[in-house]
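Asker: Here's a structure for you.
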Amino acid sequence: MDLAKLSPRQAAEPGAELHLKDPATGDPLYSGKTPVTITVRGGDSEVVAEKRKEIERRRAKGEEIDEAEAGAELLAAITIRWNGIGLRSTKALPCTPENAKKLYLDPDAEWICGQVGPFSRNRRNFVKNRPSG
């Protein structure tokens, strides 16, 4: 068996869609009939490794980056797209790196980080339908 075919790094790059759940009830969220989703790369993605290195280099040069900001930058880096996301508005917020960082840093949206982070680290969300044996 070619074990390289099971590479979580390769599987992490295209991303997987997370259907956000209501933080109080656990029910899937919808904006009208549209599922509220965020598509993210997996934690094994090369994008994550590069962002971690970048943050380390900036810290080594003396830039003060607290853990919340570093976490928001990592989550923004793995965010590919989203649907049904608004921030302090029902109007759709465009998915850009800047808006993603704002979303992940917003204290009222902290629960989203609590879903996106664990989802991105769970390899099962990215390595699917692989051959057995």
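Asker: Which number in (1) assigned to a loop (DSSP other than H, G, I, E, B); (2) closer than 30 Å to K5 by Cα; (3) open to solvent by 70 Å² or more (accessible area, probe 1.4 Å) marks the one condition that K53 misses?
Answerer: Result: K53 passes all but (1).
Asker: Quick check: is even one residue across the stretch 2-18 within 20 Å of E110 (Cα to Cα) and under 16 Å from the mean Cα position of the chain (by Cα)? Break it down stepwise before answering.
Answerer: Initially, the stretch 2-18 is screened for residues within 20 Å of E110 (Cα to Cα), giving 17-18.
So of that shortlist, the ones also under 16 Å from the mean Cα position of the chain (by Cα) come out as 17-18.
Yes: the stretch 2-18 contains one or more residues that are within 20 Å of E110 (Cα to Cα) and under 16 Å from the mean Cα position of the chain (by Cα).
Asker: In addition: Which residues, counting only those in the stretch 32-50, are in contact with a strand residue (DSSP E or B) (Cβ under 7 Å, 6 or more places away or on another chain), open to solvent by less than 60 Å² (accessible area, probe 1.4 Å) and polar (S, T, N, Q)?
Answerer: Listed by number, the residues that qualify are T37, T39.
Asker: Only one residue in A109, A76 is touching a helix residue (DSSP H, G or I) at 6+ places or on another chain (Cβ under 8 Å), open to solvent by less than 30 Å² (accessible area, probe 1.4 Å), more than 23 Å from A12 (Cα to Cα) and part of a helix (DSSP H, G or I). Which one? Outline the logic, then answer.
Answerer: Working: A76 fails: more than 23 Å from A12 (Cα to Cα).
Criteria check complete, one pass: A109.
Asker: A further question on this structure: Identify, by number, the condition in (1) open to solvent by less than 40 Å² (accessible area, probe 1.4 Å); (2) without any contact (Cβ under 8 Å) to a residue 12 or more places away in the chain that V116 doesn't meet.
Answerer: (2)
Asker: Turning to a different aspect of this structure: Would you tally the residues in the stretch 79-100 being buried (at least 19 other Cβ atoms within 10 Å of the Cβ) and outside any loop (DSSP other than H, G, I, E, B)?
Answerer: Residues in the stretch 79-100 being buried (at least 19 other Cβ atoms within 10 Å of the Cβ) and outside any loop (DSSP other than H, G, I, E, B): 3 in total.
Asker: Could you figure out which of (1) of a type in the set (A, V, I, L, M); (2) open to solvent by less than 50 Å² (accessible area, probe 1.4 Å); (3) assigned to a helix (DSSP H, G or I) isn't true of I65?
Answerer: With respect to (1) of a type in the set (A, V, I, L, M); (2) open to solvent by less than 50 Å² (accessible area, probe 1.4 Å); (3) assigned to a helix (DSSP H, G or I), I65 is out only on (3).
Asker: Looking only at the stretch 14-31, filter to residues that are open to solvent by less than 90 Å² (accessible area, probe 1.4 Å) and of a type in the set (D, E); which one of those is nearest to G114 (Cα to Cα)?
Answerer: D22
Asker: I'd like the full set of residues that are closer than 19 Å to T96 by Cα and of a type in the set (K, R), limited to the stretch 30-51.
Answerer: R41, K51
Asker: Okay, next question. Please go through the stretch 11-62 and pick out each residue that is hydrophobic (A, V, I, L, M, F, W, C) and without any contact (Cβ under 8 Å) to a residue 24 or more places away in the chain. Quick ask: steps written out before the conclusion?
Answerer: Going through the stretch 11-62, the residues hydrophobic (A, V, I, L, M, F, W, C) turn out to be 11-12, 16, 18, 20, 24, 29, 36, 38, 40, 47-49, 55, 60.
A24, A49, I55, A60 - these are the residues of the stretch 11-62 that are hydrophobic (A, V, I, L, M, F, W, C) and without any contact (Cβ under 8 Å) to a residue 24 or more places away in the chain.
The values are calculated or read from the model by the stated rules, or taken from the named source; none is laboratory data. Just so it is clear, the structure is predicted and the values come from calculations on it, not from any experiment. Cβ coordinates were reconstructed from backbone atoms using ideal geometry, including for glycine residues, and neighbour counts include every protein chain displayed. Side chains are part of the model used for accessible areas, which takes the heavy atoms of the whole protein and leaves out ligands, DNA and RNA. Shrake-Rupley method; radii C 1.70, N 1.55, O 1.52, S 1.80 Å.
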